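The values are calculated or read from the model by the stated rules, or taken from the named source; none is laboratory data. It should be emphasised that the depicted structure is a prediction, and the values quoted were computed from it without experimental measurement. Quick reminder, even Gly has a Cβ in these numbers, built from the backbone with ideal geometry, and neighbours come from all protein chains shown.
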Amino acid sequence: MSIYTLAISGSSGVPYTRRVLQQLLLSEHEIKVVVSDAGRKVLEVEEGILLDNKLENTYDTLLAWSEVNKPKGSLEIYNSKDVSAPIASGSYPVTGMAIVPCSGGTIGRVANGISNGLIERAADVCLKERKRLIIVPREMPISLVHLKNMTSITEAGGIILPASPGFYHKPKSISDLVDTVAGRILSLLGFENKLLKPWLGVNKGE
C-alpha cells in the first residue's frame, strides 16, 4: 500500500484535482488531502463546493464531489495550517505528493523553502527525502520569476507538469481533456491508471 498526498492551492483548475482524487480513492492506498484557504475559494467558485471548517464534514463533501461512496483504501484530511501533521515529517513514509492546481505563490514558497503552511512543508519534505513531487501550475502567461522558481524546484528533484491537455487523442469532451492531464499526474506519481491513452504512432492509437 502506498501513501499519496494531494494538495489544492489557490489556482484555477480543480476539475483536474477532482479526477485525480477520484482515481486515488478508487485504489487501495492511503490518501492524504490538504486544501489551502485560497484553494477552498477556488472550489467554491469553479465547482460550487463549500468546505466546512470541520474536517469530518470536509471528508463527506470531498467524497461526494469525487463521486466515490467509500474509498477502497483510506482518506484523511488535514488542516492546511497543521504543520504537526504526519506528512510534515520526513520520517513519515509518503510515496509522493501532487499539488493540483498549484498557484504561483505556492510555487515560490516551495522553491525557496518557505514552509509557512502544511502544503509547503509537505512539499519541502518530499524534496529533501527525494520523494516524488508533482507541481501542476495552470496560470498563464508565466513570468520570469515563475520560471526561475520552477527551475529551482526542478533542480531540487520536483516535476513541473503544466495543466496543458493534449489533442492528439481527439478529445470529444472537456472530461477527455481533463483526463489527459490527470492521467499524466497519476503516472508520474507512480500510480497506474487508464486515463491517458499512450501514443502508438499515427493511425495506430485510434
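Here the condition is being in a loop (DSSP other than H, G, I, E, B) and among the charged types (D, E, K, R); of K170, K148, it holds for K170 alone.
Taken together, N203, N149 contain a single residue that is polar (S, T, N, Q) and either in contact (Cβ under 8 Å) with a residue 24 or more places away in the chain or in contact with a strand residue (DSSP E or B) (Cβ under 6 Å, 6 or more places away or on another chain) (or both), which is N149. Could you grab me the full set of residues in the range 73-84 that are touching a Leu at 6+ places or on another chain (Cβ under 6 Å) and part of a loop (DSSP other than H, G, I, E, B)? Hits for the range 73-84 are S80, D82, V83.
Filtering the range 173-202 to residues that are assigned to a loop (DSSP other than H, G, I, E, B) and polar (S, T, N, Q) leaves S173, N193.
A count restricted to the range 155-194 and to residues that are in contact with a strand residue (DSSP E or B) (Cβ under 9 Å, 6 or more places away or on another chain) and more than 15 Å from A98 (Cβ to Cβ) stands at 1.
Taken over the range 55-71, the residue count meeting the criterion of being closer than 14 Å to I31 by Cβ and assigned to a loop (DSSP other than H, G, I, E, B) is 4.
Taking the conditions exactly as written (in a helix (DSSP H, G or I) and not acidic (D, E)), does V20 satisfy them or not? Considered against the rule, which asks whether it is in a helix (DSSP H, G or I) and not acidic (D, E), V20 comes out as yes. Note on the range 111-145: residues that are in a helix (DSSP H, G or I) and among the acidic types (D, E) total 2.
When T5 is tested against (1) at pLDDT 95 or above; (2) surrounded by 15 or more Cβ atoms within 10 Å (Cβ to Cβ); (3) within 22 Å of S164 (Cβ to Cβ), just one condition goes unmet, and that condition is (3). Of the residues contained in the range 57-75, one or more are found to be acidic (D, E), in contact (Cβ under 8 Å) with a residue 24 or more places away in the chain and over 24 Å from R121 (Cα atoms). Within the range 141-157, if we keep just the residues that are more than 15 Å from G104 (Cβ to Cβ) and either touching a helix residue (DSSP H, G or I) at 6+ places or on another chain (Cβ under 8 Å) or among the aromatic types (F, W, Y) (or both), the residue that is surrounded by the fewest Cβ atoms within 10 Å (Cβ to Cβ) turns out to be G157. State whether the residues of the range 95-110 include one that is surrounded by fewer than 23 Cβ atoms within 10 Å (Cβ to Cβ), part of a strand (DSSP E or B) and either of a type outside the set (K, R) or without any contact (Cβ under 8 Å) to a residue 40 or more places away in the chain (or both). There is at least one residue in the range 95-110 that is surrounded by fewer than 23 Cβ atoms within 10 Å (Cβ to Cβ), part of a strand (DSSP E or B) and either of a type outside the set (K, R) or without any contact (Cβ under 8 Å) to a residue 40 or more places away in the chain (or both). Would you check if there is a residue in the range 194-203 being modelled with pLDDT under 95, aliphatic (A, V, I, L, M) and buried (at least 16 other Cβ atoms within 10 Å of the Cβ)? Within the range 194-203, one or more residues are modelled with pLDDT under 95, aliphatic (A, V, I, L, M) and buried (at least 16 other Cβ atoms within 10 Å of the Cβ). Filtered by the rule that a residue be surrounded by 15 or more Cβ atoms within 10 Å (Cβ to Cβ) and either out of contact with any helix residue (DSSP H, G or I) (no Cβ under 7 Å at 6 or more places or on another chain) or among the aromatic types (F, W, Y) (or both), the range 177-193 gives L177, T180, G183, R184, S187, L188, L189, F191.
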